[in-house]
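The values are calculated or read from the model by the stated rules, or taken from the named source; none is laboratory data. No experiment lies behind these values; they were computed from the predicted model shown. Because the Cβ atoms are built from the backbone with ideal geometry, glycine has one as well, and the counts that use them run over all protein chains shown.
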Amino acid sequence: MANIILLGPPGAGKGTQAKRLEDARGMVQLSTGDMLRAARTSGTEMGRKVAAVLDSGGLVTDEIVIGLIEERLAQTGHGGFIFDGFPRTLKQADALGALLARKGLALDAVIELVVDDAALVGRIVKRAEDARAAGQPVRKDDTPEVFQVRLQEYYKNTAPLIGYYWAKGDLVQLDGMADMQAVAEAIAKVLDKA
Ligand code: AMP
């Protein structure tokens with residue numbers, strides 16, 4: 001089964017598409033953001049360490065997130081992974097390459113959801129409003145202020161991965177501003193070819 005990375009700024013729709021792929025294809029979403037939020041509420045030492053970073057919109061250290069992914073890959077070995085929100089730095093990208101190679105797994109595609117930055121803050125605010133209306137927990141970092149920091153982190157640390165994966169021949173760019181269903185169909189086409 002294919003292993004893919006979903007790349008794109010916060011609010012691009014990576015999580016939404018990853019969940020759809022889990023339902024539609026039985027793939028496994030590996031979201032470092034979800035893992036870090038879970039660690040935070042579980043009251044572990046690591047959770048305490050990362051809480052302030054999560055709230056600020058900054059990036060958690062490479063060591064921590066690489067460790068989380070390594071642990072998860074060791075538990076679920078069969079592949080069909082959707083890396084969502086990881087890698088976010090070049091160091092993480094190299095580490096992922098090494099981890100997959102060690103397991104004999106390939107990276108089949110890196111799918112960039114290309115979005116209009118100006119629209120993102122609106123999506124983030126809507127995500128918070130929808131969660132509130134549904135009585136679900138609202139992410140503390142889904143505010144316009146913290147979003148600014150997250151977007152800056154994206155351009156500073158994560159956007160270089162676009163060139164990196166393009167040069168490796170792995171990058172596929174899709175229109176992330178299309179509606180959810182159209183994006184899902186475009187991803188499905190990529191996977192069917194992989
Ligand atoms: P996300 O749910 O992907 O938006 O991630 C939420 C927050 O978790 C980010 O703003 C970072 O603080 C942290 N985080 C998630 N994934 C990573 C990663 N790969 N590297 C560093 N920090 C991360």
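If you go through the stretch 165-194 and keep only what is over 17 Å from the mean Cα position of the chain (by Cα) and of a type in the set (Phe, Trp, Tyr), you end up with just TRP166. Of the residues making up the stretch 31-57, those that are surrounded by fewer than 16 Cβ atoms within 10 Å (Cβ to Cβ) and small (Gly, Ala, Ser) are ALA38, SER42, GLY43, ALA52, SER56.
Here VAL146 clears all of (1) more than 16 Å from the chain's Cα centre (by Cα); (2) within 15 Å of the ligand (Cβ to nearest atom); (3) in a helix (DSSP H, G or I); (4) free of Cβ contacts under 8 Å to residues at least 40 places away in the same chain except the condition numbered (4).
Each row is one residue, and each column tells you yes or no for (1) part of a helix (DSSP H, G or I); (2) near the ligand (Cβ under 10 Å from one of its atoms); (3) among the hydroxyl-bearing types (Ser, Thr, Tyr).
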| residue | (1), (2), (3) |
| --- | --- |
| MET1 | no, no, no |
| ILE5 | no, no, no |
| PRO10 | no, yes, no |
| LYS19 | yes, no, no |
| ASP23 | yes, no, no |
| ALA38 | yes, no, no |
| GLY47 | yes, no, no |
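Could you identify the single residue in VAL60, VAL65 that is near the ligand (Cβ under 8 Å from one of its atoms), within 17 Å of the chain's Cα centre (by Cα) and either among the basic types (Lys, Arg) or not in a helix (DSSP H, G or I) (or both)? After applying the criteria, what remains is VAL60. Candidates are the residues of the stretch 68-91 that are closer than 23 Å to VAL183 by Cα and away from the ligand (no atom under 13 Å from the Cβ); the one that is surrounded by the most Cβ atoms within 10 Å (Cβ to Cβ) is PHE81. Only a single criterion out of (1) modelled with pLDDT of 90 or more; (2) among the hydrophobic types (A, V, I, L, M, F, W, C); (3) crowded, with 17+ Cβ neighbours inside 10 Å is not satisfied by VAL114, namely (3). Taken over the stretch 92-110, the residue count meeting the criterion of being away from the ligand (no atom under 15 Å from the Cβ) and part of a strand (DSSP E or B) is 1.
So that you can scan it fast, the table gives a plain yes or no per residue for (1) touching a strand residue (DSSP E or B) at 6+ places or on another chain (Cβ under 8 Å); (2) in contact (Cβ under 8 Å) with a residue 60 or more places away in the chain:
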{"site": "PHE81", "(1), (2)": "yes, yes"}
{"site": "ALA93", "(1), (2)": "no, yes"}
{"site": "GLY97", "(1), (2)": "no, no"}
{"site": "ALA101", "(1), (2)": "no, no"}
{"site": "ALA109", "(1), (2)": "yes, yes"}
{"site": "GLU112", "(1), (2)": "yes, yes"}
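Among residues of the stretch 49-65 that are aromatic (Phe, Trp, Tyr), none has a beta-carbon under 9 Å from a residue that is near the ligand (Cβ under 7 Å from one of its atoms) at least six positions away or on a different chain.
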